[in-house]
Structures are given as C-alpha cells and as structure tokens.
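Let me begin by presenting the structure, written as structure tokens, before commenting on it.
Coordinate-derived values only; no laboratory data. All of these numbers come straight from a predicted model, not from anything done at the bench. Neighbour counts are summed over all protein chains in view; Cβ atoms, including those assigned to glycine, are modelled from backbone coordinates with ideal geometry.
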Amino acid sequence: MTNWMVIVAIAVGTYAIRVSMFVGLAGRPVPAWLASRFDVVGPAAIGALLAAYVLGHRHTAPPVAVAGAVAFVAARRTGNLYAALVAGLPLVWTLQRLGM
Amino acid sequence: MIAVAFTRTRSATRDAAVAGVRAVAPMAVALVPFGLAIGATIADSSLDPWPNWTASFLVFAGSAQFAMVDMVSRGEAPVMVVLTALLINLRFAAYGGSMARWFGGTSRRCRAALAFTLVDQTYLATANDAAKSVRTPAERVAFFVGSSTYIGLIWIGSQTVGLVAGASLPSSLDLGVAAPISLCGLLASSAKTTRAVEVAVVSAAVVLLGSPLIGPGALVVAIAAATSIGSTKKGEES
C-alpha cells in the first residue's frame, strides 16, 4: 500500500512539475529576463546530464570523454545526431576493449 | 483545391511526426539498457513487481524511478523517496517554460496532454528542431507526439522485458554509453553561441561540485544557476 502511495505521489508531483510552466505560460507574455534564461535551458540541461553521467560512471569516463569529443565534432560537421553515434559508439567500445 | 490543401496539411503533419521519431531515436538507444536494468532490479528486489512497473508510464522518468525503486527496496522513509524523486524531476519545469513559446497557438488542454511525456529526450529533440525548422502548431504537436510515442514504446517495452525475463544485455556491448555520446552530439547543435557554451560548462561544473552537497537537487540548481549567465537582468528591457 505504501509502495502504491509513493508511486502515485511521485507520478502526480512529476506531472504537476511538467505542467506548471508549460501550461501556466500559455498565451502569456514572458518577461525578457525569463525568456533569455529559457533560451539556454537546452545547453544547461545537456551539461548537467553529462556531468551526472560522469559521476555515476566514473570507471567509463575516460573513453567516453574521448569518444564524446569525437561525437561532438562529427555532429558539428554534419549537423546530424546519427553521425555522433556512428563515430562515437564504436570508438568507446574499442577504447574499452583496449583497457582505457 | 481544398482537398489538395487538406492532403498537403495531413502529409506535412505526418512528416513532422516522422521527424520527431527520427530526432529522438539516437537518444532512445541508451534507454534500452536502462529500462532493462530497472525492470531486472524490480524483479530481483522484494518489491511488488507490477505497481513498480506501472511507474514506467505513470512517472515516465528514468532517473527518478530508479532512485525510487532503490530507496523503497532499502526501506527508506516514503516521504524522503517522494522528495528525492521530485527533486530529480524538478528540471522538467524549466523544460516546460522553455517549450512554451514553441507551442504558441496550442490550447491549454493540448499542452496538458503533451506534458505527460515531457522528458530530457523529448525536450532536447524539440529544442533542436525548433532552432532549425519553422512549423505550424499542428506540426509541432505532431513532432512532439512522434518523439514521445517512440520513446514511450522503447522505455515501457524494455522495462517489461527486464521485469519478465530479468534480462540484461551482454556486458560486451555497453549501450548505456550511447547516453553521453548522444548528449555530446546534441551539444554540438545546441551550443552554437559563446553564451550557450559557457552555460553548458557552468551547469556541468555545478553538478560535479554540487552533487556531494545537494545530491538529487544538483540538476535543477545547475540549470537555474547556469541559465542566469549572460541573461537579461530582471527589470532591464532587451
């Protein structure tokens, strides 16, 4: 029973978080200072998620850092996210095999 | 003439949905081992499997669900479990705020429905798309629904397989690394200004330094702190 209550509380709370600004700001003018922060939520999220990954996977961090840099260059050159995976994934696996 | 216009609109909407699937698919690769691992963890724990499986779609957020399963199975206080999961998910509020302007002309009811599947992958795919393509409101919605459907199927499917079969992928093929690799690829298209690069670096630094102190709150604190860099100040007109 407690387990269900925890799940429902998290589900309801998470939905409220998701809806809050997405629906709350519908049809409303957003002040310039807030809009300029929203402009860079994407890069902020990517940086934060990457760091969280590194903290959770310290042992795989070196090969991932090398392949991540290659993936970055591949995506920037081609403008294609698939190129990042095609360039980066085999490289990580190879580096891991080599014991990096 | 009307029929032609109608057909064109329909196919443009379908194209947008397909674009949504294609945009999110590289990020979905990393969800397979994650979903399998959560499913297998639930199966291996003393927890009631099916309620915890429903969290795959009721909560629809991997890191929070993983923290929940872990904490509940270790017997942590329910209030702490809920607070931890919500802190991890608090970043979705920033995603919602950032997405709001790309969905102009979309009703509140429609937004409320779309919000169910607002996660890292669907937000980042939409942000990437909004930066480079002009779309009608219907096409934006179709793009988001396409991304969400694909992510949802992969996510719920992999958790189900993990729960039923206790399966995990062979360790020789670490698909989990697709998560940081695709994030690095996304960064290439997302961080095209000096300010955006600075924001990404500062955000990463806040998580690295702040996690030992504030734990699950680090993600949202990092996003809140980093986005203030170079932003228009409060009360200042741009």
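A search for C-beta distances below 7 Å between a residue of region B:73-86 that is facing another protein chain (nearest Cβ under 7 Å) and over 20 Å from B:Asp44 (Cβ atoms) and any residue that is part of a helix (DSSP H, G or I) and of a type in the set (Ser, Thr, Tyr), counting only pairs 6+ apart in sequence or on different chains, returns B:Pro78/A:Thr2; B:Leu86/A:Thr14. Inspection of region B:12-27 finds no residue satisfying the criterion of being assigned to a helix (DSSP H, G or I), under 17 Å from A:Trp4 (Cβ atoms) and either more than 22 Å from the chain's Cα centre (by Cα) or at the interface with chain A (Cβ under 9 Å from one of its Cβ atoms) (or both).
Scanning region B:29-56 for residues that are buried (at least 16 other Cβ atoms within 10 Å of the Cβ), free of Cβ contacts under 8 Å to residues at least 60 places away in the same chain and among the aromatic types (Phe, Trp, Tyr) returns no hits. Taking the criterion of being buried (at least 20 other Cβ atoms within 10 Å of the Cβ) and among the aromatic types (Phe, Trp, Tyr), the residues of region A:15-53 that qualify are A:Phe22, A:Phe38, A:Tyr53. From the list A:Val70, A:Val12, the lone residue that is of a type in the set (A, V, I, L, M, F, W, C), within 21 Å of B:Leu114 (Cβ to Cβ), more than 17 Å from the chain's Cα centre (by Cα) and surrounded by fewer than 21 Cβ atoms within 10 Å (Cβ to Cβ) is A:Val12. Of the residues making up region B:175-196, those that are facing chain A (nearest Cβ under 7 Å) and either aliphatic (A, V, I, L, M) or assigned to a loop (DSSP other than H, G, I, E, B) (or both) are B:Val177, B:Ala178, B:Ala179, B:Ile181, B:Leu183, B:Leu186, B:Leu187, B:Ala188, B:Ala191, B:Ala196. From the list A:Val92, A:Val70, the one residue that fits, being more than 20 Å from B:Val201 (Cβ to Cβ) and not in a loop (DSSP other than H, G, I, E, B), is A:Val92. When region A:73-100 is filtered for residues that are surrounded by fewer than 16 Cβ atoms within 10 Å (Cβ to Cβ), among the small types (Gly, Ala, Ser) and under 17 Å from B:Gly185 (Cβ atoms), only A:Gly79 remains. B:Ile151 satisfies every condition listed in (1) within 21 Å of B:Val32 (Cβ to Cβ); (2) more than 9 Å from every other protein chain (Cβ to nearest Cβ); (3) touching a Leu at 6+ places or on another chain (Cβ under 6 Å) except (3). Checking each residue in region B:60-73 for being of a type in the set (A, V, I, L, M, F, W, C) and in a helix (DSSP H, G or I) picks out B:Ala64, B:Phe66, B:Ala67, B:Met68, B:Val69, B:Met71, B:Val72. Residues in region A:31-44 that are at the interface with chain B (Cβ under 7 Å from one of its Cβ atoms) and more than 25 Å from the chain's Cα centre (by Cα): A:Ala32 only.
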